[in-house]
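Working notes for the structure below.
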2 protein chains.
Amino acid sequence: MKETIGDAFRARGLRCTPQRFFVMEYLMRHHVHATAEDIFHAVNRTDPRASRATVYNALHALSRTGLVSEFAVNGTAARFDANVDRHHHFICDRCGAVEDVGWFDPPTIGRRVRDFEAIFRGVCAGCSELKTTRKRSKL
Amino acid sequence: MKETIGDAFRARGLRCTPQRFFVMEYLMRHHVHATAEDIFHAVNRTDPRASRATVYNALHALSRTGLVSEFAVNGTAARFDANVDRHHHFICDRCGAVEDVGWFDPPTIGRRVRDFEAIFRGVCAGCSELKTTRKRSKL
DNA sequence: TTTTGTGCAAAAGGTTTGCATACGA
DNA sequence: TCGTATGCAAACCTTTTGCACAAAA
């Protein structure tokens, strides 16, 4: 049977707190590369006492133990994703949405490479349909 | 004969101010992917009245008109570079230094791509020589 | 009971903004 | 002169930190 979130936490020595659980569940349910702020607001809807610091703590714990992936571009807020398979990213010029792109290996560059990351930019399918530009709606 | 910085500015409709000139010259002389803060300190050594805002203004003007390239990683300060030929980046895990890597075209991913950027990570030559880790010295 | 995590508030780091003044063309 | 840049200070946004308290295991 499937591994539960609780199991995953235990397997990595992470305590299963409600806040942490919520963050993980949120990321598994919303594959939209949420920012810490997005998640903070979502958590707050359920538990108004939850704090930003806790969201950041949770995200770091999850990221450190390989349950979520983190990535950031150009001085914008970091984004988190429950997809931990190797992949690259496509960022929409218009709405800023981030989409996953299949993994490909880097070319050799004559030195040892520990990690590789590729970012594509262009206009996403949604935005190229509509002629008008509009901001991505908040989660 | 060679195009001067002043010519380059004029050709793009940028006024040639001492601050702007200094920033451009600095980037042409130091191929170290300087941060705004690095440049601010350098400017300040020459002209103690220069302000951060002006450095940012200058960098944006230069970047907008294609005289310098800008790139940022993972919540660290943006870095600027007078090398505007297409290239990718290698970032040292230990000292954080950024080195240029030759350009290669992206694989096709089934949609129109306007821009592509690749980031390699690993330990740079300098750091793998020394056994000990040490911070990159400030400029 | 013993860690580890949480909440709060304050601070830090990087960047942007508003506005009056200065200056290049 | 005219319009663009500059300098300053304050604001902004994201993230981190310190510390007392709470709650998992």
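The values are calculated or read from the model by the stated rules, or taken from the named source; none is laboratory data. Here the structure is a predicted model, which is why all the values come from computation and not from measurement. Ideal geometry is used to build each Cβ from the backbone, glycine not excepted, and the neighbour counts take in all protein chains shown. Accessible surface areas use protein heavy atoms only, side chains included; no ligands, DNA or RNA. Shrake-Rupley method; radii C 1.70, N 1.55, O 1.52, S 1.80 Å.
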**Request:** Calculate, in nm to one decimal, what B:Asp100 and B:Asp115 gain on full extension: separation in residues at 0.36 nm each, minus their alpha carbon distance.
**Result:** 3.7 nm
**Prompt:** For the range A:61-78, what does the Karplus curve 6.51 cos²θ - 1.76 cosθ + 1.60, with θ = phi - 60°, yield as ³J(HN,Hα) per residue in whole Hz, taken in order and with x for Gly and Pro?
**Reply:** 4, 5, 6, 4, 8, x, 8, 9, 10, 10, 7, 9, 10, 6, x, 8, 4, 5
**Asked** Any idea how far the Cα center of the range A:1-74 sits from the one of the range A:91-117, in Å?
**Response** 24 Å
**Complete:** On protein heavy atoms with a 1.4 Å probe, the accessible surface that disappears when B meets A, both sides summed and given to 100 Å², is 2100 Å²
**Asked** Over the alpha carbons of the range B:1-54, what is the largest minus smallest coordinate on each principal axis, giving the biggest first in Å?
**Response** 31, 23, 16
**Prompt:** Could you give the longest part of chain B that holds none of the trypsin sites (Lys or Arg not before Pro) found in DSSP loops with at most 16 neighbouring Cβ atoms within 10 Å?
**Reply:** B:50-85
**Asked** How many nanometers, to one decimal and shortest first, lie between the label point of B:Thr108 and those of its other copies, if labels sit 7 Å from Cα toward Cβ?
**Response** 2.7
**Share of carbon and sulfur in the accessible heavy-atom surface of the range A:15-128 [1.4 Å probe, %]** = 50 percent
**Asked** Which residue fluctuates the most in chain B, going by a Gaussian network model with Cα springs under 10 Å, if the choices are B:Ile91, B:Ile39, B:Ile109?
**Response** B:Ile109
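Give, to the nearest whole percent, the P(r) tail of the range A:8-139 beyond 18 angstrom, counting all Cα pairs. Intermediate values should be presented prior to the final figure.
On the way: 5173 of 8646 pairs.
Summing the P(r) of the range A:8-139 above 18 Å gives 60 percent of all pairs.
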**Prompt:** To the nearest µm²/s, what D does Stokes-Einstein give for the protein assembly as shown at 20 °C and 1.002 mPa s, using the Kirkwood radius over alpha carbon pairs as Rh?
**Reply:** 99 µm²/s
**Prompt:** Taking the Cα atoms of the range B:62-122, what is the range of coordinates along each of the three principal axes, in descending order and whole Å?
**Reply:** 36, 30, 22
**Request:** Please report, in Å, the Rg and the Dmax of the range B:38-92, where both are computed over Cα atoms only.
**Result:** 12.5, 35
